[in-house]
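Since every read-out is calculated from the coordinates, none of them should be taken as a lab result. As the structure is a prediction and not an experimental result, all values here were calculated from the model. With ideal geometry, Cβ positions are generated from the backbone for all residues, glycine too; neighbour counts draw on all protein chains shown.
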Amino acid sequence: GENVEQHPSTLSVQEGDSAVIKCTYSDSASNYFPWYKQELGKRPQLIIDIRSNVGEKKDQRIAVTLNKTAKHFSLHITETQPEDSAVYFCAASIVQFYFGTGTSLTVIP
Amino acid sequence: EAGVAQSPRYKIIEKRQSVAFWCNPISGHATLYWYQQILGQGPKLLIQFQNNGVVDDSQLPKDRFSAERLKGVDSTLKIQPAKLEDSAVYLCASRIPGRGSGNTIYFGEGSWLTVV
């Protein structure tokens, strides 16, 4: 089955700085890559996604890039704010969704 | 639109007892998933249903876990007997199968299980 690795496991940034979270996947057939944000005690919520026929997607301060050849994709958050503090999960999907182990992001005011 | 509903939100049981969780997916979502999320880890798929049929239950510990979706809508996940290592959040998720925005899965708030 698919294996998704996510780095780093924890990340602290100053407010206003950028944050980057990276994931790699093993199955070249995976064609959909969503990112979820999970606040403490809450459900994971989709923040951005990308399909395998697209290399980059941006939504305001959030962007995702995909390198199919290298089988890795990254989440970029610019101008971070304290409310961005949460755990972020990447996932790779063909039919099932395989999740990374999560990155705990702390934005320091 | 209404989200994925789960109950109970919290449950504390002793080891070797049984517990059942209920999930009502978003209306019209044919695909339903149960995930186990242990603290500090990503969600791990337990079982996937397409309507009332099982698509993937390869990671479901079948000696103690069971799940059903008899009418293709609501689903229940049962654990019997529970072990300490079953302490986790059980997340139900659903989606419309297919391309476009239908590829997105939507999670419920989760059922928090503590086994003591």
FRET efficiency for B:W22 and B:E85 from the Cβ-Cβ distance with R0 = 22 Å, rounded to 0.05, comes out at 0.45
Over all Cα pairs of segment B:57-116, the Kirkwood radius sets Rh, and Rg/Rh then becomes 1.03
Largest first and rounded to whole Å, the semi-axes √(5λ) derived from the alpha carbon gyration tensor of the protein assembly as shown read 30, 21, 16
Scaled by the rule-of-thumb 2.2 N^0.38 Å, the alpha carbon Rg for segment A:1-89 gives a ratio of 1.08
In vacuo Debye sum over C-alpha of chain B, base-10 log of normalised intensity I(q)/I(0) at q = 0.14, 0.21, 0.23 Å⁻¹, listed in q order, is -0.52, -1.15, -1.36
Contact order relative to length for segment B:56-96, counting C-alpha pairs under 8 Å separated by 6 or more residues, stands in percent at 28
